[in-house]
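Peer 1: Right, I'll just put the structure down here and ask away after.
The values are calculated or read from the model by the stated rules, or taken from the named source; none is laboratory data. What you are looking at is a predicted structure, and each value in this text was computed from that prediction instead of being measured. Positions of Cβ are backbone-derived with ideal geometry, glycine not excepted, and every protein chain shown enters the neighbour counts. Each accessible area value is taken on the protein alone, full model and side chains, heavy atoms only, with ligands, DNA and RNA left out. Shrake-Rupley method; radii C 1.70, N 1.55, O 1.52, S 1.80 Å.
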Amino acid sequence: MSENYPSDVKLNENSNGTVSFATEVVATIAGLAATEVDGVASMSSPSSGLADMFSRKSNRNLTKGVRIDLENNQVSVDITITVDYGSPVPDVARNIQENVKKAIETMSGLDVKNVDVHVTGISFEREQRANAELDEQHRKMLEKNAETAAEEKVEVKSEAEEAPVETEPE
């Protein structure tokens, strides 16, 4: 996201030199950590609205929906997401906060001041996929039952043809 300023973070200076990295690195860490949380359907930008409702989690722009603000080596993170239908939003948000904070602090050495989570929508994709799978299983079961019934009908007919016909003596 172009909103992530400044463009470089200076982590430390020592006799060996300086360690710095782009703010985009912190945004990527945050985005990846957020998408790892169960219940996150996709990352979304606050301004994109309807287009994000149809986006998929597999879109690998990991900084989409992530805003990073740095001040005195402290990071403030804003994460904007779409949640899977049926997922408890407070739990998803709390898990994102914990996962993002841990990932940034572990990987960058920066202190995370706060992680704010903004939910802009609910995705029904997972529920629709589950319903489609159930429909497919039901269809296969019906086909199998129809085949079994047809086979049993053929067996009964064959047995009837092979059975000797008994006639009563005259």
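Peer 1: Looking at SER42, is it of a type in the set (Gly, Ala, Ser), open to solvent by 70 Å² or more (accessible area, probe 1.4 Å) and at pLDDT below 95?
Peer 2: It is false that SER42 is of a type in the set (Gly, Ala, Ser), open to solvent by 70 Å² or more (accessible area, probe 1.4 Å) and at pLDDT below 95.
Peer 1: Given the structure, is ALA150 modelled with pLDDT under 85 and either charged (D, E, K, R) or open to solvent by less than 60 Å² (accessible area, probe 1.4 Å) (or both)?
Peer 2: On the way: modelled with pLDDT under 85: yes; either charged (D, E, K, R) or open to solvent by less than 60 Å² (accessible area, probe 1.4 Å) (or both): yes.
The answer is yes for ALA150.
Peer 1: Right, next: Tally up the residues in the stretch 95-124 that are under 16 Å from VAL25 (Cβ atoms), open to solvent by 90 Å² or more (accessible area, probe 1.4 Å) and not in a helix (DSSP H, G or I), please.
Peer 2: Selection size over the stretch 95-124: 0.
Peer 1: If you scan the stretch 95-120, which residues turn out to be without any contact (Cβ under 8 Å) to a residue 24 or more places away in the chain and either touching a Ser or Thr at 6+ places or on another chain (Cβ under 9 Å) or closer than 19 Å to SER45 by Cα (or both)?
Peer 2: GLN97 - this is the single residue of the stretch 95-120 that is without any contact (Cβ under 8 Å) to a residue 24 or more places away in the chain and either touching a Ser or Thr at 6+ places or on another chain (Cβ under 9 Å) or closer than 19 Å to SER45 by Cα (or both).
Peer 1: Under 9 Å by Cβ, and 6 or more places apart or on different chains, what pairs join a residue from the stretch 71-94 that is open to solvent by 70 Å² or more (accessible area, probe 1.4 Å) with one that is of a type in the set (Phe, Trp, Tyr)?
Peer 2: Within 9 Å, the pairs are TYR85/PHE124.
Peer 1: From the list GLU155, GLU161, GLU127, pick out the single residue that is modelled with pLDDT under 75, touching a Gly at 6+ places or on another chain (Cβ under 9 Å) and part of a helix (DSSP H, G or I).
Peer 2: From the options GLU155, GLU161, GLU127, the qualifying one is GLU127.
Peer 1: Has the stretch 93-103 got any residue that is at pLDDT 95 or above and touching a Gly at 6+ places or on another chain (Cβ under 8 Å)?
Peer 2: Scanning the stretch 93-103 turns up at least one residue that is at pLDDT 95 or above and touching a Gly at 6+ places or on another chain (Cβ under 8 Å).
Peer 1: Can you tell me which residue in the stretch 23-39 is surrounded by the fewest Cβ atoms within 10 Å (Cβ to Cβ), limited to those that are in contact with a helix residue (DSSP H, G or I) (Cβ under 8 Å, 6 or more places away or on another chain) and of a type in the set (Asp, Glu)? Don't jump to the end; show me each part of the working.
Peer 2: Quick first cut of the stretch 23-39, residues in contact with a helix residue (DSSP H, G or I) (Cβ under 8 Å, 6 or more places away or on another chain) only: 25-26, 29-30, 32-34, 36-39.
Pick out the ones that are also of a type in the set (Asp, Glu) and you get 36, 38.
Values: GLU36: 13, ASP38: 9.
Within the stretch 23-39, the match that is surrounded by the fewest Cβ atoms within 10 Å (Cβ to Cβ) is ASP38.
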